[in-house]
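Please read the structure below before turning to the comments.
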Amino acid sequence: VAEQARQMIFGQYGEETYSRGLNVYLTIRAEEQMSAYRALRRGIMDYERRQVYRGPEAYVDLPADPADLDTRVAEALSDHPANDELLPAVVLSADPKKVVAALQSGDSIEITGEGLKPAASGLTDRGNPKTRLRRGAVIRVLQTGGNKPFWTITQLPEVEGAFVSLDPRNGNLRAMVGGFDYAKNKFNHVTQAWRQPGSAFKPFIYSAALEKGFTPSTVVNDGPLFFDASTTGSQPWEPKNYDGTFEGPMPLRRALARSK
């Protein structure tokens with residue numbers, strides 16, 4: 001939000017933005033923005049927990065001497081900074097029932113039970129060696145559980161998201177979150193991402209048909225189509241329904257109702 005405001009002011013005042021002593025007031029309130037930020041991250045992490053475990057972020061060699069262990073852990077985790085509540089940790093020991101890991105603070109944590117489920121594939125002997133949880137593995141952990149907090153293994157999400165809230169009465173922005181982590185990725189998925197149009201373009205297609213004399217009872221064929229490059233002027237195009245199936249002739253009204 002702050003960067004979006006800076007860009008808008010810079011677009012109006014140029015370099016004077018930084019020397020005129022301007023006060024900038026937004027319609028966004030900090031507590032609503034923070035709620036939106038937490039909600040987006042929670043939604044993405046809930047999705048991430050349903051994905052296949054992709055394995056540790058790295059592997060490091062740990063010294064056998066406990067006196068040198070804290071220094072080596074700190075060095076290893078300096079390349080894997082914390083992502084808000086997603087903390088990096090180095091595995092000290094691992095088996096299918098318990099993982100012991102060291103945090104950047106120097107504290108050791110134990111992960112058991114539900115906390116091991118997201119990474120279960122990395123704790124079996126039959127698992128992929130490249131995703132195996134073993135001593136020296138750099139992992140992500142998250143404390144969860146509400147009133148009874150416990151540590152769970154997780155991973156940095158690959159999927160992104162966006163959240164925008166508007167007041168329909170006046171158009172004011174109430175909250176805007178452009179991605180999972182601004183420090184990791186400055187791309188604003190609210191203002192800069194191009195949405196896939198999906199079915200939003202179909203009203204234009206159907207209204208054009210009505211203008212050409214089609215009626216709701218006109219029968220059209222829901223069948224395969226192909227347009228070669230000479231027809232499109234670019235790449236060959238073979239439009240399909242979302243589910244990949246075709247249902248043959250049907251009235252236009254039914255085609256619209258079924259989003260064909």
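The values are calculated or read from the model by the stated rules, or taken from the named source; none is laboratory data. Not measured: the values here are computed from a predicted model. Methodologically, a virtual Cβ is constructed for each residue, glycine included, from the backbone with ideal geometry; neighbour enumeration extends over all protein chains shown. Heads up: the accessible areas ignore ligands, DNA and RNA and are worked out on the full protein's heavy atoms, side chains in. Shrake-Rupley method; radii C 1.70, N 1.55, O 1.52, S 1.80 Å.
Some notes on this structure:
Table: residues versus (1) touching a His at 6+ places or on another chain (Cβ under 9 Å); (2) free of Cβ contacts under 8 Å to residues at least 40 places away in the same chain; (3) not in a loop (DSSP other than H, G, I, E, B).
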residue	(1), (2), (3)
Ile139	no, no, yes
Gly146	no, yes, no
Ile153	no, no, yes
His189	no, yes, no
Trp194	no, yes, no
Ala200	no, yes, yes
Ile205	no, yes, yes
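- Just one of the numbered conditions (1) open to solvent by less than 60 Å² (accessible area, probe 1.4 Å); (2) under 23 Å from Ala162 (Cβ atoms); (3) modelled with pLDDT under 95; (4) touching a helix residue (DSSP H, G or I) at 6+ places or on another chain (Cβ under 6 Å) is not true of Pro63: (2).
- Restricted to the range 101-131, and to residues there that are in a loop (DSSP other than H, G, I, E, B) and of a type in the set (Gly, Ala, Ser), the residue that is most open to solvent (accessible area, probe 1.4 Å) is Ser105.
- Scan of the range 233-256 for residues that are open to solvent by 80 Å² or more (accessible area, probe 1.4 Å) and either charged (D, E, K, R) or more than 12 Å from Asp222 (Cβ to Cβ) (or both), ordered by number: Gln235, Trp237, Glu238, Lys240, Tyr242, Asp243, Arg253, Arg254
- Among residues of the range 183-195 being touching a helix residue (DSSP H, G or I) at 6+ places or on another chain (Cβ under 8 Å) and open to solvent by 30 Å² or more (accessible area, probe 1.4 Å), the one that is farthest from Ala2 (Cα to Cα) is Thr191.
- Some residue of the range 164-175 being crowded, with 18+ Cβ neighbours inside 10 Å and not in a loop (DSSP other than H, G, I, E, B): yes
- Extreme residue, nearest to Tyr25 (Cα to Cα), among residues of the range 144-190 that are among the polar types (S, T, N, Q) and modelled with pLDDT of 90 or more: Asn172
- In summary, helices (runs of 4 or more DSSP H) completely within the range 1-100 and bearing 3 or more residues that are in contact (Cβ under 8 Å) with a residue 60 or more places away in the chain and under 23 Å from Arg132 (Cα atoms) occur at 30-48.
- For the range 219-246, a residue qualifies if it is of a type in the set (D, E, K, R) and not in a loop (DSSP other than H, G, I, E, B), and exactly one does: Asp222.
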